[in-house]
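The values are calculated or read from the model by the stated rules, or taken from the named source; none is laboratory data. Everything quoted here is computed from the prediction, not taken from an experiment. Here Cβ is always computed from backbone atoms with ideal geometry, including for glycine, and neighbour counts include all displayed protein chains.
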Amino acid sequence: MPRTRYDVILTDRIAGGRERQEVAATLARRFGQDARRLAALMEKGDQVIKRRVDAPTGRQYLRALEAAGAVGRLRPTGSPDGRALSAGRTPGSAVASDLPVRVVSPRPHPADVAFAPIQANRITHAEGGIDVNRIDTPPIGYGAIALLAAYQDHETEKNHVLVFRADQKRPYRCDADRIVFSEFPGTQATSVVASLHLFLNWIARRQTALRVDPPTAGLIEGRPPAILEIDPVRYATMLGRTLIAMAADPVT
């Protein structure tokens, strides 16, 4: 399957209280473009400045924009547009869209097999929820989904989703290309990542108490999947422990 490509979007936002003309001039020197043209693009908001780049190249563009004081984002090529995260998301905040998703930051913790992910065969649509297609697991209602986390494996470069239920420690893990997007209307796009972006939005609109980690919040709003460079069991443990702590102290 071909790797996902991204469009680099220049937004109309300015970082750090700088002046638009100053930022445009800095960008012009960095990219060898006309400052007036860049200022005009920034006035329009959400303009594509580079198309069909891979994720590492896209992140280089974002770093260059941020260094100049501009705010950019990546959008999977072929995906419907959406407002994106351009910087780190504050834990506990809502994503910058009309979705009621809450962002939680996982707390450091060593790996614990009690939180080891259970492999889902596929994710398909079920009445009022999703089905992970395991003989030992009934369909999971949208309201029972406590947290979603999506990431890219740093070795295989495959994308995965962790689905945490409110009533058990171990999440379900499904390869993103095993999600049957065609059963979730409006989520099947031209690439797995673009479809995953739409699928996460689908779930978020149906589970109003959904929590996500910061990288998944970014993916919901258009950023590429974060690369997970630690043991998946450890990351599942960190997320699971965080959920338990939040349940014990709802103010957290």
Next on the checklist: Condition check: at pLDDT 80 or above, of a type outside the set (D, E, K, R) and not assigned by TED's automatic domain parsing to the domain that holds ALA176. Does ALA25 satisfy that?
Outcome noted: yes
Checklist entry - Do you know which residues across region 174-199 are closer than 18 Å to ALA236 by Cα and crowded, with 20+ Cβ neighbours inside 10 Å? => result CYS174, ALA176
Checklist entry - For region 41-61, which residues satisfy the criterion of being within 19 Å of ALA226 (Cα to Cα), touching a Lys or Arg at 6+ places or on another chain (Cβ under 7 Å) and either of a type in the set (A, V, I, L, M, F, W, C) or surrounded by 15 or more Cβ atoms within 10 Å (Cβ to Cβ) (or both)? => result VAL53, TYR61
Checklist entry - Regarding GLY186, is this residue on the phi > 0 side of the Ramachandran plot, touching a residue at least 24 places away in the same chain (Cβ under 8 Å) and outside the structural domain of GLY72 (by TED's automatic domain parsing)? => result no
Item to check | Residues of region 212-231 satisfying the condition of being of a type in the set (A, V, I, L, M), touching a helix residue (DSSP H, G or I) at 6+ places or on another chain (Cβ under 6 Å) and either surrounded by fewer than 18 Cβ atoms within 10 Å (Cβ to Cβ) or assigned to a loop (DSSP other than H, G, I, E, B) (or both) | outcome: ALA226
